[in-house]
Amino acid sequence: MVKNKKLKNIVPEMEAINIAVKNNIKKLNLENINEPNGKAFESICHGWICNKELNKFTEDDIDGSGEFGMDSINVEKNNKGGFSIKILSCTYSGGFSYQKTDEIQKGLKIVFEHDDYKKLINDKLKAKIDIIRKNKLKIQDVKVYYCINTINEPNKDCLKSKEQLLEGLREIFSARYDKKLEFDFSFLGAKEIFEKKMRNENPLSKKYISVKYKEQINQFNKNKEEELPKGKIEGCLITVDAIELKNMLVQCDDWIFHYNIRKFKGKNPVNKKIIETIKSKNKKMFWFLNNGVTMVCESAIKDRKGIIKLKYPQIVNGQQTIQTIKLFSKKELIGVDILVRLYITDNDEFFSDIAVATNSQTKIDYSDISSNKSEQHAIKYVFEYLGYYYKNKKGVEKKIFKRGIDSKMLGRISFATVNQKPTIGRKTVRDSVIFSEDNYKKLYDTDPYYLLLSFLIYNYCKTKDLGIKELDMATSEREIKHFGYFHLSSLMWSYLKEKDILLDRSKIIEMIENKNFDEFYNKAFSKIESVIAVEKNKNKDIILKDYFSDEKLDNLIFTK
């Protein structure tokens, strides 16, 4: 196998952020300032974490130089009548630094403790501190985020510095502020920052949706926060009529299925049974015969009798039921009641965990479970930016672009190209292999430009297929072009590595745009053709259809 320089350690979320940085430099007119990338990155973190529009960034941007380790402070009223504060410190390049954490700690003391803050030169920072001091008794939570655009983990020194920071805040808040005030400090890398985007880009994250319910079967079951490492969670069972859920879908559209691991599957056998039950005389039995709906929300408020207001509602199981109900008129749905399991949590991981745990009505594949991972959404984000659709969930969807690929096929191509294992890519069709814990990271957690280029190379090889009508009359040329997509793609990728093209972003973009693959294809074809000729001289009974599924061929074609 060809050995070469290591490919850049860029994951999809990092590249999605890089694209957003380029866009924000233009939108904020930052071309002529010092360190425009850093300033644009600050605006991205502010928008994705604080759930703010880009034009709101300047209001919370306290300085341009990271003075006192802080770049923006967002103060806003929450739904409990108090104030929530988010403080961001952002570094576009490089890893986490304990010196920066120490600097943030000094800045927080100035914000929340020092009385001589008015001597500061930074007017924006002083104005923010004034707001905080005037409303100190109304502050209910403070969250501090240290953000970087890498996948580095904080080291021991950073974690030690964090504990010192938190201890210092506890002392300040217990002495000067409400003792019940909640606060936290988080290290956010590219993946965590992009996960915030995934959540906040959903318009429902800013809305309360009112739902009428017929019956609450039990009271909210609460837990103490310390019992669950992922935070607080509550739950209850309610009965909702089908008409109300149909109305809810009209209000929320497909955004309510953001965390669902599958898309709507149309009139499959399960959904046909749902239709039959609603059309039958026994439709009042629907509550007993159907698995119901699982819904997760960030918070729930009982507005008045029989009505509950849900913030950021998400249907994580039961999409097939709800989408099928949508097909019926309100008159046809009279008498149809549905059991709803309602969970309340503000932790994103719980949203995904509940989605996986409750989807038992039909078989869950590894591809279903991985479909909501941040890298899958980031690959989709980058592909669409470059003009290609990427299908990360099974089911029916509208294709925005004519050209594209689904996650399973991309994984197989990544086996052949990025991972240089063409035979495995060719013969692997099971989700359990492609999306397994051992393989998933190697296949998808890489630069999405590489993944798009590998797809285009594979697609190019397919266009060279001459077809085979009768195998016993096929020539070696036809067989190689018909059965050798993965091996041809893999060899072409190795030649790109030899020329260091994969280490130069401008050359990668040029190849994506112009698809200048002829030279590499011809070289790869000649190599495989010569290897096959030698092997056929040794064994005239070789059947190439089967030979391309033998890993022995991989070693032969990569031998100089």
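The values are calculated or read from the model by the stated rules, or taken from the named source; none is laboratory data. This is a predicted model, so every value here is computed, not measured. Cβ coordinates were reconstructed from backbone atoms using ideal geometry, including for glycine residues, and neighbour counts include every protein chain displayed. The area values use the complete protein model at the heavy-atom level, side chains included, leaving out ligands, DNA and RNA. Shrake-Rupley method; radii C 1.70, N 1.55, O 1.52, S 1.80 Å.
Summary table below
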{"read-out": "Wholly within the stretch 468-551, helices (runs of 4 or more DSSP H) carrying at least 3 residues that are more than 21 Å from A416 (Cα to Cα) and free of Cβ contacts under 8 Å to residues at least 60 places away in the same chain", "value": "505-514, 518-538"}
{"read-out": "Cβ-Cβ under 6 Å pairs, at least 6 apart or on other chains, the stretch 420-446 side in contact (Cβ under 8 Å) with a residue 24 or more places away in the chain and of a type in the set (S, T, N, Q), far side surrounded by 14 or more Cβ atoms within 10 Å (Cβ to Cβ) and not in a loop (DSSP other than H, G, I, E, B)", "value": "Q420/S490; T423/D554; S432/Y366"}
{"read-out": "In the stretch 398-422, residue modelled with the lowest pLDDT [restricted to those that are of a type in the set (A, V, I, L, M, F, W, C) and within 25 Å of A20 (Cβ to Cβ)]", "value": "I400"}
{"read-out": "Every pair of residues 6+ apart whose Cβ atoms lie under 7 Å, when the first sits in the stretch 25-49 and is open to solvent by less than 20 Å² (accessible area, probe 1.4 Å) while the second is part of a helix (DSSP H, G or I) and among the small types (G, A, S)", "value": "L30/A40; I44/A20"}
{"read-out": "Search result, residues across the stretch 240-259 that are among the aromatic types (F, W, Y) and buried (at least 18 other Cβ atoms within 10 Å of the Cβ)", "value": "F257, Y259"}
{"read-out": "One residue from G425, G467, G395 being closer than 23 Å to N522 by Cα and modelled with pLDDT under 90", "value": "G467"}
{"read-out": "Residues satisfying the stated conditions in the stretch 473-513, i.e. in contact with a His (Cβ under 9 Å, 6 or more places away or on another chain) and open to solvent by less than 20 Å² (accessible area, probe 1.4 Å)", "value": "I480"}
{"read-out": "Index of the failed condition, G411 passing every other in (1) under 16 Å from the mean Cα position of the chain (by Cα); (2) assigned to a helix (DSSP H, G or I); (3) buried (at least 19 other Cβ atoms within 10 Å of the Cβ)", "value": "(1)"}
{"read-out": "Hits in the stretch 487-537 - residues which are over 32 Å from the mean Cα position of the chain (by Cα), closer than 22 Å to L451 by Cα and of a type in the set (S, T, N, Q)", "value": "N522"}
{"read-out": "Count of residues meeting criterion [hydroxyl-bearing (S, T, Y) and not in a helix (DSSP H, G or I)] in the stretch 158-183", "value": "1"}
{"read-out": "One residue from S205, S186 being assigned to a helix (DSSP H, G or I), closer than 30 Å to I19 by Cβ and polar (S, T, N, Q)", "value": "S205"}
{"read-out": "Residue within the stretch 33-49 that is over 18 Å from I148 (Cβ atoms), out of contact with any helix residue (DSSP H, G or I) (no Cβ under 7 Å at 6 or more places or on another chain) and assigned to a helix (DSSP H, G or I) present", "value": "no"}
{"read-out": "Within the stretch 189-202, tally of residues that are part of a helix (DSSP H, G or I) and open to solvent by 10 Å² or more (accessible area, probe 1.4 Å)", "value": "8"}
{"read-out": "Strands (runs of 3 or more DSSP E) enclosed by the stretch 281-345 - at least 1 residues per element that are of a type in the set (S, T, Y)", "value": "293-297, 299-304, 337-344"}
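Results for (1) part of a helix (DSSP H, G or I); (2) at pLDDT 90 or above; (3) open to solvent by less than 40 Å² (accessible area, probe 1.4 Å), shown as yes or no for each residue.
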site: M1; (1), (2), (3): no, no, no
site: K6; (1), (2), (3): no, no, no
site: A16; (1), (2), (3): yes, yes, yes
site: N55; (1), (2), (3): yes, no, no
site: E59; (1), (2), (3): yes, no, no
